Amino acid sequence: MIDTAAHATQGGESRAMAYFAERAKWRWPEFALWIGAFALAFLFPSRALLFNEVAILALFALSLDIVLGYAGIVSLGHGAFFGLGAYVAGLLAKAGAGAGLLSDPTFGLLISAIFCAFVGYITSFLVLRGADLTRLMVTLGVALIFAELANRMAWLTGGADGLQGVMPGKILGLFEFDLFGRNAYLYSLTTLFLLFIVARKVINSPFGVSLRAIKGNALRAGAVGINVNRRLNGAYTLGAAYAGVAGALLAQTTAFVSLDVMEFHRSADVMLIVIFGGVGTLYGAIIGAAAFKILYDLLAAATPQYWQFWLGLILVLLVLFVRGGIMGLVTGVYQRLTGKGGAA
Amino acid sequence: MSQASNSVLATKNLVRRFGGLVATNDVTFSLPAGARHALIGPNGAGKTTFVNLLSGVLPPTSGQVFLDGQDVSAWPVFKRARAGLSRTFQINQLFADFTPLETIGLALSEAHSEGAQFWRRAGTSRAVVDEAVAILEQLDLGDVMEHRVGSLPYGKQRLLEIAIAVAPKPKVLLLDEPAAGVPEGEREQILEIVEALPKEMALVLIEHDMDLVFRFAKTISVLVQGALFVEGPASEVARDPRVRQVYLGESEVEHHLDTPPPGGAGHGHAGEAGRGGAA
């Protein structure tokens, strides 16, 4: 007789506990990556502005990976939250005029995150009403609406001239944004790092496992009692908040916001980056952002007129021949090196 | 069967149309607690549609579904699952990238209402892990619990399909052809496990295989063209001339009348086999 109240064997239970602990464990390449990223600020201080861009792009891509890679929502309008976050942080820094709480950068990040989470939560109900194609259109439509609003509300956003007079204060009241961008980079990277740890924790939580389940098989996920839409509302909200923080970082570290933050190409680029790096891996977003920026720079320097051609070609080849993007390659090599399966 | 007060699952005048086709035609049905019920019928009789209506995968065109006396007709799948209605699918619905351990852990997290917790690592709830391993060990999945589901042999995947439905301790379990596609050699194990399921769980078996139906079921409903054709104790249904005519081959029914099903001979054996396999 099968007894649903039975207990596991001692051996089985400890094997299971060890299995779960092992799954979420930090691996050495992860430490290497983060130490390396922080070291860059001191090894190549002259390139700090570029690194800062990469860190912001990585956070933006991370936010889309939560939405696309884990919640399985294909969004063509994720840039809307990036832009909103940028405007919120920009307007706060402008209102504070370089001093006090309003200009405090970390306060700006917090408010941008909360604001974008709120907008993300509301719009998630629209997005989740339809299937894949509808979602694509709804996300795109929402982003276009916000872009046009930013354009029309020139009294607030500065319209096509951009938002002038963005004056972020000292970070935590201690560190000033310097001309070379080293503090900016360290600030963006630290934010990325902290939010990455949070994302990693969430993905390894029961909530995160249920997201993977929904993406893997929504029918079965419902049949085990998962309220699929509510979980997706949550993931979309989290992704929106993260994108808002990325936008806020851009506004603060460049002390400027223009309509460009709302442009469609941002949504397209970030999707490219996530696919390029590897969907649903978290690290793919970071590696993808770095690779994208490096490739962009190299190709733009080598063939200023045809760089998009080469970027497109590389993307097509990668998608066709390497399953799982760059992270697919990396985990393949890592598993061959260690003989172990399943990196985080 | 009348709609008695002890029924865990019932339907009233349930209808489902697909365009002009009536897939479920005015079905009123009731299942008592701990039932061992089989739902049979020729191909295209609407068995799977009926199961989809019961579990909420499809909304009914009209009529009602009751779970524990409560009208759940408008409830989505997940809500019915939480209220104690589990099912397996004719075609495996599993998470290929999960391990059996994660799969059952997921199902149990939901059953314990811990599935939305985002602040702690999965696998730190001792009760969930303990229960998950216990059920995997009993269903002979203990030794493969850390393997990727997609790479398991089909028979093991079929066992997992049952395990994921059983783990949350449902009141009602709908088994949609549990042994479908399983090679002959592994079939017996599935049958033994189905027979060994807890007595208090009401089971509905949808099956083509008459050997399995008569071995397992105490009561049978025959569905023909979406409507309940005959219903009653297994022996009566087998003797019913209309059923013979519409559905069963004469010789097969006579065979089952001559040799009544053995009463739970496989029970203890399945349990022992499960534990033995995990040791």
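A few points about this structure:
- Inter-probe distance in nm under a simple model that places probes 7 Å from Cα toward Cβ, at residue A:121 and residue A:95: 2.0
- Shielding of B:79-86 by partner chains, average beta-carbon count, 10 Å: 3
- The stretch A:27-286 - charge dipole about Cα centre, Lys and Arg +1 at Cβ, Asp and Glu -1, debye rounded to 20: 840
- Residue pairs exceeding 24 angstrom between C-alpha atoms, taken from A:25/B:79; A:215/B:79; A:94/A:201; A:94/A:170; B:12/B:47: A:25/B:79; A:94/A:201.
- The stretch B:140-195-the stretch B:1-61 distance, computed between alpha-carbon centres (Å): 24
- Net charge of the neighbourhood of residue A:39, taken over other residues with C-beta under 13 Å away and scored Lys/Arg +1, Asp/Glu -1, is +2.
- For residue A:134 and residue A:320, a Förster radius of 22 Å and the Cβ-Cβ distance give a FRET efficiency of 0.20, rounded to the nearest 0.05.
- Choice from A:25, A:94, A:215 with maximal GNM fluctuation in chain A (Cα, 10 Å cutoff): A:25
- Residue-normalised accessible area of the stretch A:27-286, given per residue in Å² at a 1.4 Å probe: 39
- For the stretch B:7-278, a crude dipole built from +1 on the beta carbon of Lys and Arg and -1 on the beta carbon of Asp and Glu, taken about the Cα centre, is about 1000 debye to the nearest 20.
- With the simple spin-label model, which puts each label point 7 Å out from Cα in the Cβ direction, the residue A:38 to residue A:335 separation comes to 3.1 nm.
- Taking Cβ atoms as reference points and 11 Å as the exclusive limit, the residues near residue B:36 contribute a net charge of +2, counting Lys and Arg as +1 and Asp and Glu as -1.
- Taking the charge dipole of the stretch A:90-226 about its Cα centre, with +1 at Lys and Arg Cβ atoms and -1 at Asp and Glu Cβ atoms, the residue from A:211, A:183, A:127 reaching farthest to the positive side is A:211.
- Relative contact order of chain B, defined on C-alpha pairs under 8 angstrom at six or more residues apart (%): 25
- Mean accessible surface per residue for chain B, computed with a 1.4 Å probe while every protein chain stays in place, in Å²: 40
- Summed over both chains, the area buried between A and B is near 4400 Å², taken from the accessible surface of protein heavy atoms with a 1.4 Å probe.
- Cβ-derived FRET efficiency at R0 35 Å, residue A:74 paired with residue B:112, nearest 0.05: 0.65
- Proximal aspartates and glutamates to residue B:156, defined as alpha-carbon separation beneath 16 angstrom and excluding residues fewer than eight positions away on the same chain: B:97, B:102, B:137, B:140, B:143, B:146, B:177, B:184, B:186, B:188, B:192
- Normalised contact order of the stretch A:27-286, rounded percent, pairs of Cα under 8 Å and 6 or more residues apart: 41
- Span-rule helices in chain A, defined as complete DSSP H runs reaching 27 Å or more along the axis (Cα) with Kyte mean at least 0.0: A:105-127, A:132-152, A:182-203, A:228-254, A:283-302
- Modelled FRET efficiency - R0 41 Å, residue A:268 with residue B:70, Cβ distances, 0.05 increments: 0.25
- Simple spin-label estimate for residue A:1 and residue A:164 in nanometres, 7 Å along Cα-Cβ: 8.4
- Taking a sphere under 12 Å around the Cβ of residue A:64 and counting the other residues whose Cβ falls inside, with K and R at +1 and D and E at -1, yields a net charge of -1.
- Per-residue mean of C-beta atoms belonging to partner chains within 10 Å, peptide A:23-30: 1
- Listed residues B:120, B:80, B:36, most fluctuating in chain B (Gaussian network, C-alpha, under 10 Å): B:120
- When the Gaussian network model of chain B links Cα atoms closer than 10 Å, the mean-square fluctuations of B:42, B:168, B:178 top out at B:42.
The values are calculated or read from the model by the stated rules, or taken from the named source; none is laboratory data. As the structure is a computational prediction, the values presented were derived from the model and not from experiment. Cβ sites come from the backbone with ideal geometry, for glycine too, and all protein chains shown count toward neighbours. What goes into the accessible areas is simple: the full protein's heavy atoms, side chains included, and nothing from ligands, DNA or RNA. Shrake-Rupley method; radii C 1.70, N 1.55, O 1.52, S 1.80 Å.
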